[in-house]
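The values are calculated or read from the model by the stated rules, or taken from the named source; none is laboratory data. These figures come from a predicted structure and were not determined experimentally. Here the Cβ is made from the backbone with ideal geometry for all residues, glycine too, and neighbour counts use every protein chain on show. The accessibility values were calculated without ligands, DNA or RNA, using every heavy atom of the protein model including side chains. Shrake-Rupley method; radii C 1.70, N 1.55, O 1.52, S 1.80 Å.
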Amino acid sequence: MENLYGFEELFRKWSTAINLASPSTLDQLWERHIVDSAQLFDMAPNALRWLDLGSGGGFPGIVLSILMRQRPGSSIDLVESNGKKAAFLRTAIGQFSTSGTVHAMRIDAAWAKIATPDIITARALASLSGLFTLAEPWLTRGAVALFQKGRDYRREIEESRDAWSFDLVERESAVDKDSVVLQVSNLRRNDTNA
């Protein structure tokens with residue numbers, strides 16, 4: 001908990017200089033971002049290798065990396081193309097001595113550099129179909145996704161079924177009754193020639 005409070009302080013300090021999260025959510029930083037991120041940790045109790053796409057202000061990536069300190073042998077890769085946000089993520093990893101690695105690059109450039117993880121996370125990054133395109137190289141090789149989605153998630157699921165087949169478990173959000181965590185596995189592209 002002490003490290004999570006420390007991360008909140010670091011986040012607020014950096015937020016005065018760069019946009020790490022929507023300013024309208026900063027009053028609810030703990031619930032809207034930190035607790036919302038932390039809930040993923042218990043959803044994959046045996047996962048050791050994690051990958052967070054579009055890590056931005058560190059949600060959920062940095063929060064997970066702090067929690068992973070209690071899970072020996074675990075690590076997380078954070079992919080963030082914005083140089084200033086990547087610098088913030090590196091500062092947070094250094095300050096809290098976590099086993100995270102920041103990759104300051106586009107997600108498609110990371111496909112060949114990051115081995116298939118156990119779990120892939122992404123929060124407020126793209127539509128579900130867009131996330132599938134971004135994470136396809138890992139998801140089709142056995143990774144499981146925990147994608148946090150808001151009220152419109154059912155529409156995103158239906159729209160993605162045109163191009164993709166996948167196994168899906170809808171998990172209730174611990175923070176917002178209108179939000180879910182979509183657990184996705186066995187992703188494959190639908191045969192468009194059928």
Checklist entry - Any idea which of (1) open to solvent by 50 Å² or more (accessible area, probe 1.4 Å); (2) more than 15 Å from the chain's Cα centre (by Cα) is the one Ile93 doesn't satisfy? => result (1)
Checklist outcome for this item: Checked pairs for segment 74-90, first farther than 18 Å from Leu10 by Cα, second in a helix (DSSP H, G or I) and open to solvent by 10 Å² or more (accessible area, probe 1.4 Å), C-beta under 8 Å and 6 or more apart or across chains, list as Val79/Ile107; Ser81/Ile107
Checklist entry - How many of the residues in segment 110-152 are among the aromatic types (Phe, Trp, Tyr) and over 21 Å from Met43 (Cα atoms)? => result 1
Checklist entry - In segment 86-97, which residues are part of a helix (DSSP H, G or I) and among the aromatic types (Phe, Trp, Tyr)? => result Phe88
Item to check | Members of segment 131-170 found to be open to solvent by less than 20 Å² (accessible area, probe 1.4 Å), small (Gly, Ala, Ser) and not in a strand (DSSP E or B), listed by number | outcome: Ala135, Ala143, Ser160
Next on the checklist: Any residue at all in segment 174-182 that's touching a residue at least 24 places away in the same chain (Cβ under 8 Å), farther than 19 Å from Leu51 by Cα and open to solvent by 90 Å² or more (accessible area, probe 1.4 Å)?
Outcome noted: no
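Find the residue count for segment 96-113, including only residues that are β-branched (Val, Ile, Thr) and over 15 Å from the mean Cα position of the chain (by Cα). Show your work before the answer.
Keep residues of segment 96-113 that are β-branched (Val, Ile, Thr), which gives 98, 101-102, 107.
Imposing the further condition that a residue be over 15 Å from the mean Cα position of the chain (by Cα) reduces the set to 98.
Total meeting the criteria: 1.
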Checklist outcome for this item: Filtering segment 36-85 for residues that are assigned to a strand (DSSP E or B) and open to solvent by 10 Å² or more (accessible area, probe 1.4 Å) leaves a count of 3
Item to check | Every residue from segment 98-110 that is open to solvent by 40 Å² or more (accessible area, probe 1.4 Å) and either closer than 19 Å to Met68 by Cβ or in a strand (DSSP E or B) (or both) | outcome: Ser99, Thr101
Checklist entry - Which pairs do you get when a residue that is more than 14 Å from Ala143 (Cβ to Cβ), found in segment 39-55, comes within reach of a residue that is open to solvent by 10 Å² or more (accessible area, probe 1.4 Å) and in a helix (DSSP H, G or I), reach meaning Cβ atoms under 6 angstrom, with the pair 6+ apart or on two chains? => result Phe41/Leu67
Checklist entry - What residue, of Ile62, Ile34, Ile107, is hydrophobic (A, V, I, L, M, F, W, C) and in contact with a Phe, Trp or Tyr (Cβ under 7 Å, 6 or more places away or on another chain)? => result Ile62
Checklist entry - Would it be correct to say that Leu26 is open to solvent by 10 Å² or more (accessible area, probe 1.4 Å), touching a Gly at 6+ places or on another chain (Cβ under 6 Å) and either in a helix (DSSP H, G or I) or modelled with pLDDT under 95 (or both)? => result no
Checklist entry - Which residues, counting only those in segment 111-130, are closer than 19 Å to Glu80 by Cβ, crowded, with 22+ Cβ neighbours inside 10 Å and either of a type in the set (D, E, K, R) or out of contact with any strand residue (DSSP E or B) (no Cβ under 6 Å at 6 or more places or on another chain) (or both)? => result Arg123
